[in-house]
Amino acid sequence: MAPFLAVFGGIGWGELLIIAFVVLMVFGPKRLPEIAEALGSSVKKFRRATQDAKDEVKREIDVARAETPRSEPPRADAGNGGSAPPKDN
């Protein structure tokens, strides 16, 4: 129950009961199951869409990594063709 209460911040049980009572009075007891079902369905659809978006992004990242050729890290002597630098005397 703690994550649920964390969303509402400092709302206590008394305030939640008052809000529930007001909702019950506004919508009536017959409409509450319909509202709860619609809310649950909306949350389920939102979670599914969020997961689909995450999967698509991960798939695109994996494809991009697979298409990118891996190169070897540059060697220390790669800038001068493999020869030693000239010495000044």
Open item on the list: Through the Karplus equation 6.51 cos²θ - 1.76 cosθ + 1.60, θ set to phi - 60°, convert the phi angles of the stretch 61-71 into ³J(HN,Hα) values in whole Hz; use x for Gly and Pro.
Closed with: 5, 4, 5, 5, 5, 5, 7, 6, x, 8, 10
TODO: Set the Förster distance to 41 Å, then compute FRET efficiency between VAL26 and LYS54 from the Cβ-Cβ distance, nearest 0.05.
DONE: 0.65
- [ ] Report the FRET efficiency, 1/(1 + (r/R0)^6), for VAL43 and ALA64, where r is their Cβ-Cβ distance and R0 is 35 Å, rounded to 0.05.
- [x] 0.65
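Laboratory data are not the source of any read-out in this text; all were calculated from the coordinates shown. Values in this document were obtained by computation on a predicted structure and should not be read as measured data. For neighbour counting, all protein chains shown are included, and Cβ atoms are generated from backbone atoms with ideal geometry for every residue, glycine included.
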